[in-house]
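The values are calculated or read from the model by the stated rules, or taken from the named source; none is laboratory data. Bear in mind the structure is a predicted one, so any value in this text is a computation, not a measurement. Positions of Cβ are backbone-derived with ideal geometry, glycine not excepted, and every protein chain shown enters the neighbour counts. The accessibility values were calculated without ligands, DNA or RNA, using every heavy atom of the protein model including side chains. Shrake-Rupley method; radii C 1.70, N 1.55, O 1.52, S 1.80 Å.
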Amino acid sequence: MVKPKQISADDMGQLLGLLVHDLRNPAATISANFDFLQEVGFADDDSVEALQDVRLAMGELRRGLDLVAWISRWLSGEVPLEAMNGDVGMFVERLGRSETSVPMTAEIARDDQLYAHGAQVAVEVVELLLRNTRANVSEPHATVRVYQQSGQVVVEVEDAGEAIAPELRATAFTLEGQKALKGRLDGRYSRFVGLFAAAAVLDGVGGTIEADGEKGAAVFRIHLPGARPTRPPRD
């Protein structure tokens, strides 16, 4: 069980304020487009485009609520997301073949042991980071690398965006860091305090996340504790 994290009422208020701020944008899109559809009907191309905007905004809201749930469970001392052990490389390869929000290239070190505790959590965070790529890179594309290092399975997500400034990397995945990143050109703030949520959900499986890189080569690095593959029982 993850130990409860101490957070003041003031910090909780700031967290909720950030979440409300970001929820207003997709909510306003939904409201405006539905008003438009009521006025003009559903027959023309503009109506179809408006419906697409509604669907995208609803997807943002649903994903945002997932992140809020992770943070809420983490603050309550619960495991934010239950996930089985597994081969991280295999999960990432599947993600690369799916219709992800951002094109990605997977580089899997198949000679390494890539079985890890809470492997599927890493994929959830990679998907979150790909959304961050889409929001911060003009021509979104990411390279996802998976390898073993010192008994841990490491997942790197690299894109051509601005790397988080070195002085903010130690706090980028905290509430304070998310506040500091918001509005900065070199920041990688994502809606629904996504980097804070990433750290919380990884903490639940004993993992961590860090920022690295330089201009034009931003890197996020996920560390998961290695695990032994589960063998089926013998007859």
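If the condition is being in contact with a Leu (Cβ under 7 Å, 6 or more places away or on another chain) and of a type outside the set (V, I, T), then region 96-118 contributes S101, M104, A116, H117, G118. Would you say D203 is under 30 Å from N25 (Cβ atoms), open to solvent by 40 Å² or more (accessible area, probe 1.4 Å) and at pLDDT 85 or above? So D203 passes the test. For region 92-101, the criterion of a residue being under 17 Å from I222 (Cβ atoms) and open to solvent by 50 Å² or more (accessible area, probe 1.4 Å) is satisfied by at least one position. Quick one: would you say A170 is at pLDDT 85 or above, farther than 26 Å from G89 by Cβ and surrounded by fewer than 17 Cβ atoms within 10 Å (Cβ to Cβ)? Considered against the rule, which asks whether it is at pLDDT 85 or above, farther than 26 Å from G89 by Cβ and surrounded by fewer than 17 Cβ atoms within 10 Å (Cβ to Cβ), A170 comes out as yes.
For (1) acidic (D, E); (2) farther than 24 Å from L18 by Cα; (3) out of contact with any helix residue (DSSP H, G or I) (no Cβ under 7 Å at 6 or more places or on another chain), each residue gets a yes or a no:
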site	(1), (2), (3)
N132	no, no, no
R145	no, yes, yes
Q152	no, yes, yes
V155	no, yes, no
D159	yes, yes, no
P166	no, no, yes
R169	no, no, yes
A172	no, no, no
A180	no, no, no
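The selection criterion, being part of a helix (DSSP H, G or I) and either within 30 Å of T29 (Cβ to Cβ) or touching a His at 6+ places or on another chain (Cβ under 9 Å) (or both), does not hold for A122.
Working carefully through the options E107, E39, E93, E49, find the one that is in a helix (DSSP H, G or I) and within 24 Å of E158 (Cα to Cα). Result of the check over E107, E39, E93, E49: E93. For G161, the conditions (1) touching a strand residue (DSSP E or B) at 6+ places or on another chain (Cβ under 6 Å); (2) touching a residue at least 60 places away in the same chain (Cβ under 8 Å); (3) open to solvent by less than 10 Å² (accessible area, probe 1.4 Å) all hold with the exception of (2). In this structure, does E82 turn out to be surrounded by 13 or more Cβ atoms within 10 Å (Cβ to Cβ), under 19 Å from the mean Cα position of the chain (by Cα) and either within 27 Å of G204 (Cα to Cα) or among the small types (G, A, S) (or both)? So E82 does not fit the description; no. Taking the criterion of being of a type in the set (D, E, K, R) and at pLDDT 90 or above, the residues of region 129-166 that qualify are R145, E156, E158, D159. Restricting region 93-128 to residues that are of a type in the set (D, E, K, R) and farther than 23 Å from D203 by Cα leaves a set whose member that is modelled with the lowest pLDDT is E99. Among the residues of this structure, A135 counts as one that is surrounded by fewer than 18 Cβ atoms within 10 Å (Cβ to Cβ), within 22 Å of V92 (Cβ to Cβ) and not charged (D, E, K, R).
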